[in-house]
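Each remark here refers to the structure printed beneath this line.
Every number in this text was worked out from the coordinates using simple rules, so none of it is lab data. Only a predicted model underlies this, so the values are computations on that prediction, with no experimental measurement involved. Here the Cβ positions follow ideal geometry from the backbone for every residue, glycine too, while neighbour counts run over all protein chains shown.
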Amino acid sequence: MQKNYLSSKQAICTMILFVLGTSALISVNIDAEQDTWIAMIVSCAMSIPVILVYARVLSLFPEKNFYDIVEILIGKAGSKLIVLLITWYAIHLGAFVMSNFHLFISIVDLPNTPHFMILVPLLILAIYLAKSGLSTFGNWSIINLIIVSIVVIITAIACLKTADFSQLLPVFDHSISEICMSSYKIFTFPLAETVVFMSILGSVKSGTSPYRIYISGILLGTIILLLTILRNNISLGTQMLSSACFPSYTSTRVMSIGSFLTRIEGSISINFLLAGITKFTVCIFAASNGLAKLFGIKNPKMLIIPTCLLMLSVCCTSYTGIIEMFAFLNDSYYIYAIPFQLIIPLGIWIVAEIRTHRGKIQLKE
């Protein structure tokens with residue numbers, strides 16, 4: 001994983017797909033029901049100050065990833081715990097994406113197929129992408145973002161035939177506190193999960209602004225998610241939406257284009273596969289970089305396969321079924337994610353500002 005390997009365009013496309021990731025299929029938090037689109041906009045606004053902190057830390061240390069920065073600020077011994085925590089978060093997030101894959105495929109298409117057999121093709125493709133390097137992975141992201149965007153636009157247009165816009169009414173039917181809580185849950189999943197990008201954005205072309213990458217990635221990702229939220233709401237309605245495990249897939253099952261093209265839900269499966277594999281591969285990069293830092297290994301590529309196997313083991317032992325997975329996501333994840341998404345990055349930012357302003361660290365301008 002060489003430095004200066006991702007272009008700004010590649011990094012932005014990768015972040016957009018990362019934000020879509022599993023959210024393109026299982027949707028964001030919908031506790032606000034028809035007001036979810038409002039919660040999505042509020043969550044985007046909530047995320048801006050946080051991602052500016054992420055970008056600020058990276059901008060203070062050009063061509064350094066998060067693990068390198070922590071080591072510079074705290075020292076090799078003191079940084080081990082923080083590196084371990086962020087590495088664990090990347091591993092657990094990758095395992096969560098894997099769980100989404102095998103649960104979706106086993107429920108929708110292959111109910112009697114062993115989970116291991118479903119996950120093997122995913123692992124092989126992700127390992128290939130990670131082994132190929134960030135440049136190849138960046139090109140993958142550019143091409144797949146075009147495909148994903150086209151599918152979202154086409155399905156949004158197709159749903160207009162049977163759309164019921166009254167499903168978006170009444171606006172602000174939920175209290176401010178309910179909308180804010182839903183917004184916070186959307187913030188933690190998926191917007192603030194981009195904290196793992198701090199582990200790979202040291203490997204971008206010199207002069208690339210982390211602010212541009214983060215702001216563009218979050219805003220464009222939010223726009224696409226907002227479009228899917230509106231599409232799902234006007235297609236299914238709040239009652240059916242709340243009962244569907246995979247709202248995007250369910251909404252496209254009732255769509256048709258003219259009288260000749262029906263059953264277009266396969267397009268959502270394609271979106272999920274492309275965006276999900278991208279998110280999973282980013283987690284592999286972040287986790288293998290962290291493990292390499294922990295064990296003093298200079299070439300993180302050596303740890304890609306062990307990292308994938310570790311994610312597979314976590315995936316197979318974390319959730320017994322889809323109900324347990326959604327219970328964790330809706331009831332616990334927004335608390336579990338606080339140290340990784342907020343406390344640690346904010347703490348590192350404060351230390352970085354103090355030390356750099358005191359002139360104790362020489363920075364590249």
Quiz prompt | Helix 210-236 vs. the chain, principal-axis angle (Cα, 0 to 90°, nearest 10) | solution = 20
Self-check item: On Cα atoms only, tilt of 36-60 relative to the major axis of the chain in degrees
Solution: 10
Quiz item: Once amide H atoms are built 1.01 Å from N in the peptide plane, which residues 5 or more positions from Asn65, or in another chain, come under 5 Å H to H?
Solution: Gly202
Practice problem: Mind pulling up the Rg/Rh value for the chain? Radius of gyration and Kirkwood radius, both on Cα. | Solution: 0.97
Quiz item: Classify segment 74-115: rounded, prolate or oblate, from the alpha-carbon gyration tensor (a ≥ b ≥ c, eigenvalue square roots; a/c under 1.5 rounded; otherwise prolate if a/b is larger than b/c)?
Solution: prolate
Exercise. At most 14 other Cβ atoms within 10 Å and a DSSP loop assignment: could you name the trypsin sites (Lys or Arg not before Pro) in segment 275-322 that fit?
Key: Lys298
